[in-house]
Amino acid sequence: MAKKTSAEKEYTVEDKLSKMYELQTLVTEIDKIKTLRGELPLEVQDLEDEIAGLETRLHNYQSEIKEFDNSVTDQKNKIVDSTALIEKYKSQLDNVRNNREFDNLSKEIEFQGLEIEFSEKKIREFGEAINNKKEEIKTLSETLEGRKADLTQKRGELEEIVSETKQEEEKLREKAKKLEASIEPRLLTAFKRIRKGARNGLAVVYIQRDACGGCFNKIPPQKQMDIKLRKKIIVCEYCGRIMIDPELAGIEE
Ligand SMILES: [Zn+2]
């Protein structure tokens, strides 16, 4: 690199391009850190939401079991009532005055017997439902425990990465700041403007396979030659990014 370190401290175009590419590399690194940190809190949040959902479901299952238990108690009470009625009717049978009374009481006794059978069937069904719910609770609890362990781990990772990357980011920012001071304001403003408008945050790109490294539109051979000469700052006519040759970016073709 031929540096024109004259009294005016003027940099060559090549120097300017080189510095801007270096700045690009630094800010891209900072972008990557931000992205990395940006995704982890989201993962933690997702896990927290999932756990809250599982806990609600677990609570609901427990409420359902309570309802089934209450239903079983209701049916047991019905059986007690029916049994009492049967006892009563049976004792009345001893004192019947005619066949009609006897038939009526017999029918009542039969009916209450059927009621008891029905209640017993219901109790069996509720018992099965309770067992099924208990199985579901067991599975759900295991899943919940697993998710809680995941959350503890992710939270730890997040804390670690936040503290680690914070230091790295600060270092990169400091380097970038120093570098920015050596780039003329007009170019730095252009750099920032281009970067802001670019979706991938790239303001300086190198030619890749005869195309702009930012928007991948083909660059004519003549323009590529001009870029290689490093005598003037050339921007992509499609995306406006500053283009350099791969060699200046330290890329071997
Ligand atoms: Zn382009």
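Please treat every number below as a calculation from the coordinates, not as lab data. Here the structure is a predicted model, which means the values were calculated and not measured. As a convention, Cβ positions derive from the backbone with ideal geometry for all residues, glycine included, and neighbour counts pool all protein chains shown.
Amide H contacts for Ile234 (H built 1.01 Å from N in the peptide plane; partners 5 or more residues away or on another chain; cut-off under 5 Å): Met243.
For Gln208, nonlocal amide neighbours, meaning residues 5 or more places apart or on other chains whose placed amide H falls under 5 Å from its own, are Gly213. If R0 equals 22 Å, the separation of the Cβ atoms of Arg57 and Leu158 corresponds to a calculated FRET efficiency of about 0.25. Would you mind checking the pairs Lys34/Lys178; Lys34/Lys231; Lys78/Lys107; Lys32/Lys178; Lys16/Lys171 and listing those with alpha carbons more than 30 angstrom apart? Pairs exceeding the cut-off: Lys34/Lys231.
Its DSSP H runs of at least 4 residues, each contributing -39,500 (n - 2.57), put the calculated 222 nm mean residue ellipticity of the chain at -27500 deg cm²/dmol, to the nearest 500. Overall size of the chain from C-alpha positions, given as principal axis extents largest first: 135, 39, 30 Å.
When the Cα positions of Tyr11, Ser82, Leu114 are compared along the charge dipole of the chain, Tyr11 comes out farthest toward the positive end, with charges on each C-beta of Lys, Arg, Asp and Glu.
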